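Reading through the structure tokens given below for one structure.
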Amino acid sequence: MDTDTVQQEFENIGFEIVEIDERDVLLYELSDGSEEEDGQYAIVSDEDGRIPETMESPVIVSIYDDNDTFQWSVTLSSGEELKDLFLRIESAEELLETLQAIRHENIERYDTEMDSYHE
């Protein structure tokens, strides 16, 4: 799968390609009418900070506030997982809650792996 196809897959679920710091990124506006999410946005990248080259590779979803300040990020196993998530969610609030839950699961899994490593 080429980058153009991946970009199209993300555009189909509401992402747009914008240029930030002279680099193209996939951006999703999280505003859905509620004040809490107003101005927030998400950027999707691969592990190198670029637009993913395949939908099968891991993706990082980074959340920024209305002042363009990084808030938190979460790694998903693939672009396909993110696409499936977008097809299921009904609001920006639900999206953020689901991504936060995945983030906490990732942290717990990492902590468990580190604990067993140090035993």
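Dividing the helix sum by the residues of the chain, where each DSSP H run of 4 or more adds -39500 (n - 2.57), gives a mean residue ellipticity at 222 nm of -13000 deg cm²/dmol.
Once each part is reduced to its C-alpha centroid, what is the distance from the range 6-32 to the range 80-119 in angstrom? The range 6-32 and the range 80-119 have Cα centres separated by 21 Å. Solvent-accessible surface of the chain, averaged per residue with a 1.4 angstrom probe and all protein chains in place: 62 square angstrom. Enumerate the residues in the range 54-83 having an amide nitrogen under 17 Å from the point lying 7 Å beyond the Cα of Thr98 toward its Cβ. Output list for this probe position: 59-63, 74-83. Expressed as a whole percent, the accessible surface of the chain that belongs to carbon and sulfur atoms is 40, based on a 1.4 Å probe.
Express the relative contact order of the chain as a whole percentage, based on alpha carbon pairs under 8 Å and six or more residues apart in sequence. Numbers along the way, then the final one.
Values: 175 pairs, mean separation 21.1, N = 119.
Rounded, it is 18 percent for the chain.
Stretched out straight at 0.36 nm per residue, the stretch from Phe70 to Asp111 would grow longer than its current Cα-Cα span by 12.4 nm.
The values are calculated or read from the model by the stated rules, or taken from the named source; none is laboratory data. Since we're looking at a predicted model, the values are computed, not measured. With ideal geometry, Cβ positions are generated from the backbone for all residues, glycine too; neighbour counts draw on all protein chains shown. What goes into the accessible areas is simple: the full protein's heavy atoms, side chains included, and nothing from ligands, DNA or RNA. Shrake-Rupley method; radii C 1.70, N 1.55, O 1.52, S 1.80 Å.
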